[in-house]
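Q: Once you've had a glance at the structure underneath, I'll fire off some questions.
The values are calculated or read from the model by the stated rules, or taken from the named source; none is laboratory data. Computed from a prediction, not measured in an experiment: that's the story for all the values here. FYI the Cβ positions are ideal-geometry reconstructions off the backbone, even for glycines, and counts take in every protein chain you see.
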């Protein structure tokens, strides 16, 4: 049912349709999710500087998020436990690569690199996804997609300041960031597959639980070094107790980020949500600047803009030839759409 609002310039009445309301709420959820995810690198770096290992920070984040999402994830099934049994392989792959692998590699990377640099390398994942779909499924990329890949590559050259001597870029950190990119690619491939019938909340909760088990076994076997400190975590504008930072890392940057991200995707659709999710890069840069004092160089700012532009162009190349603006008006898919309400 349309909702009447104030008069327009011609004296008529405007309406706020359900589709418009879904778009507005979806954009809000997407921005909250991007800000929540973007905060994780700066908080993790604070813990690392206080004496934590990347493994300890990752386990703390995953454990807290899994505890928060376990019950909602089970309730989302609504008794359809056969979906869980049928999709166990998908959940395990998601937990091992998309959750445990991506987070751990990213947190290790921020121990060597600035948060914004590590995140931007990880966010070349859409390019890897395009290549995977081409090689695995024969979906040949369009010219626009190829152009976007070259734009992103040029941005990485500037971001890493290759021509200027690297600006302190550590090769080990770059390799860990690329490993995080592989995990993020798996995140997009599995997350975009709805054929398994798993609710997004259940997939996120299950993946977090699997990741917690994997990380716990690795820590018990001594493969994953675990060390933490009860020292106060120092940020540029303030200091915080370690438990508060860990709590925010798990509740806000993982649990809340996943929940709002799922809500955004359901309202906007995966295509539009993926565009809005790119703002996480800007959010991470902002948090790293404010909390860690990591001011990006001018050449790296230019590289960051090129990387983001390249990823956007790649995304545009994956879709049919229609404008992004037109997709904003796409209503959610329903089996029996309501008739328009005459004004």
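Q: Take residue 152 and decide whether it is closer than 13 Å to residue 314 by Cβ, in contact with a helix residue (DSSP H, G or I) (Cβ under 9 Å, 6 or more places away or on another chain) and crowded, with 22+ Cβ neighbours inside 10 Å. If you could, list the steps in order and put the result at the bottom.
A: Numbers: closer than 13 Å to residue 314 by Cβ: yes; in contact with a helix residue (DSSP H, G or I) (Cβ under 9 Å, 6 or more places away or on another chain): yes; crowded, with 22+ Cβ neighbours inside 10 Å: yes.
Yes, satisfied.
Q: Next up: With (1) in contact (Cβ under 8 Å) with a residue 24 or more places away in the chain; (2) touching a helix residue (DSSP H, G or I) at 6+ places or on another chain (Cβ under 6 Å); (3) more than 25 Å from residue 70 (Cα to Cα) as the list, and residue 263 as the residue in question, which single condition is left unmet?
A: Going through (1) in contact (Cβ under 8 Å) with a residue 24 or more places away in the chain; (2) touching a helix residue (DSSP H, G or I) at 6+ places or on another chain (Cβ under 6 Å); (3) more than 25 Å from residue 70 (Cα to Cα) one by one, residue 263 breaks only (3).
Q: Which one is nearest to residue 306 (Cα to Cα), of the residues in region 156-174 that are modelled with pLDDT of 80 or more and surrounded by 17 or more Cβ atoms within 10 Å (Cβ to Cβ)? Give the steps one after another, and end with the answer.
A: Pass one, region 156-174, residues modelled with pLDDT of 80 or more: 170-174.
When the remaining residues are screened for being surrounded by 17 or more Cβ atoms within 10 Å (Cβ to Cβ), the result is 173-174.
Values: 173: 21, 174: 18 Å.
Top of the filtered list is 174.
Q: Then there's this: Among 253, 230, which is farther than 18 Å from residue 156 by Cα and part of a helix (DSSP H, G or I)? Step through it out loud before you land on a result.
A: Details: 230 fails: part of a helix (DSSP H, G or I).
The conditions single out 253.
Q: Okay, next question. Scan region 76-93 and tell me whether some residue there is under 17 Å from residue 285 (Cα atoms) and in contact with a helix residue (DSSP H, G or I) (Cβ under 9 Å, 6 or more places away or on another chain).
A: From region 76-93, those under 17 Å from residue 285 (Cα atoms) are none; that's our starting set.
Checking region 76-93: not a single residue is under 17 Å from residue 285 (Cα atoms) and in contact with a helix residue (DSSP H, G or I) (Cβ under 9 Å, 6 or more places away or on another chain).
Q: Is there a residue in region 283-297 that is in a loop (DSSP other than H, G, I, E, B), under 20 Å from residue 44 (Cα atoms) and either at pLDDT below 80 or touching a strand residue (DSSP E or B) at 6+ places or on another chain (Cβ under 7 Å) (or both)?
A: Filtering region 283-297 for residues in a loop (DSSP other than H, G, I, E, B) gives 293-297.
The next check asks that each one be under 20 Å from residue 44 (Cα atoms); those that pass are 293-296.
Checking the rest, the ones that are also either at pLDDT below 80 or touching a strand residue (DSSP E or B) at 6+ places or on another chain (Cβ under 7 Å) (or both) come to 296.
Yes, some residue in region 283-297 is in a loop (DSSP other than H, G, I, E, B), under 20 Å from residue 44 (Cα atoms) and either at pLDDT below 80 or touching a strand residue (DSSP E or B) at 6+ places or on another chain (Cβ under 7 Å) (or both).
Q: If residue 232 satisfies every condition in (1) more than 26 Å from residue 87 (Cβ to Cβ); (2) within 19 Å of the chain's Cα centre (by Cα) but one, which is the exception?
A: (2)
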